1. Which length gain, in nm to one decimal place, applies between Thr95 and Phe20 when the Cα-Cα distance is subtracted from 0.36 nm times their residue separation?
2. Between Arg3 and Lys74, take the C-beta separation as r, use R0 = 30 Å, and let me know the FRET efficiency to the nearest 0.05.
3. Residues with beta-carbon under 11 Å from that of Gly80, excluding Gly80: net charge, scoring Lys, Arg +1 and Asp, Glu -1?
4. Calculate what fraction, in whole %, of the accessible area of the chain sits on carbon and sulfur atoms when a 1.4 Å probe is rolled over the protein chains.
5. Expressed in nm to one decimal, what extension gain is obtained for the pair Glu64 and Asp13 from 0.36 nm per residue of sequence separation less their Cα-Cα distance?
6. What angle, in degrees between 0 and 90 and rounded to the nearest 10, separates the Cα long axis of helix 96-113 from the longest principal axis of the Cα atoms of the chain?
7. Can you list the chymotrypsin sites (Phe, Trp or Tyr not before Pro) in segment 1-59 that are in a DSSP coil and have 11 or fewer other beta carbons within 10 angstrom?
8. Charges only on Cβ, +1 for Lys and Arg, -1 for Asp and Glu: so what's the dipole of the chain about the Cα centre, in debye to the nearest 20?
Amino acid sequence: MNRTAYKNQFNADHYERINFSVPKGMKQVIKNLAADKGMSMNKYFLFLVNKDQEGLFDNMQLAEKSREKILTIKGNTHDGYDVFFKDGRIIHCRTKLDIRKCLAQDNKSLAQDT
């Protein structure tokens, strides 16, 4: 496998592409905002998503060690919440308190495994 093929395969295995449109002139605004922070546009978008998730995690009062394992949380107070872990597991919880209890139990079982 040549270098280009290897890089293409690595990117296909580890990254997903997102294409979206913004109003005319907004691209430069985003570019400038990212540059002001010393970031590429891609890194800036990831920064904003992570910042948004931190707000959600703060609202749910999740421990730092639990946050590191979570990819995202989706849901609401009516339907409950789905917690997506970075390792591929998904759990469903009815309340924010249930999420904290599940994460505490998960941390305890992981500690026993080591």
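1. Full extension of this stretch gives 23.7 nm more.
2. Rounded to the nearest 0.05, the efficiency is 0.20.
3. On the way: positive: Lys74, Arg94, Lys96; negative: Asp79, Asp82, Asp98.
That sum, taken over residues with Cβ under 11 Å, equals 0.
4. Looking at the chain in its full context, I get 53 percent from C and S.
5. Contour length minus Cα-Cα distance gives 15.5 nm.
6. Long axis of 96-113 versus the principal axis of the chain: about 90 degrees.
7. Numbers: sites: Tyr6, Phe10, Tyr15, Phe20, Tyr44, Phe45, Phe47, Phe57; in loops: Tyr15, Phe20.
Answer by residue number: Tyr15, Phe20.
8. On the way: 20 positive and 14 negative charges, 79 e Å.
That gives the chain a dipole magnitude of about 380 debye.
The values are calculated or read from the model by the stated rules, or taken from the named source; none is laboratory data. If you're wondering where the values come from, they're calculated on a predicted model, not measured in any experiment. All Cβ positions, glycine included, derive from the backbone under ideal geometry; neighbour counts span all protein chains shown. Surface accessibility is based on the protein's heavy atoms, side chains included, excluding ligands, DNA and RNA. Shrake-Rupley method; radii C 1.70, N 1.55, O 1.52, S 1.80 Å.
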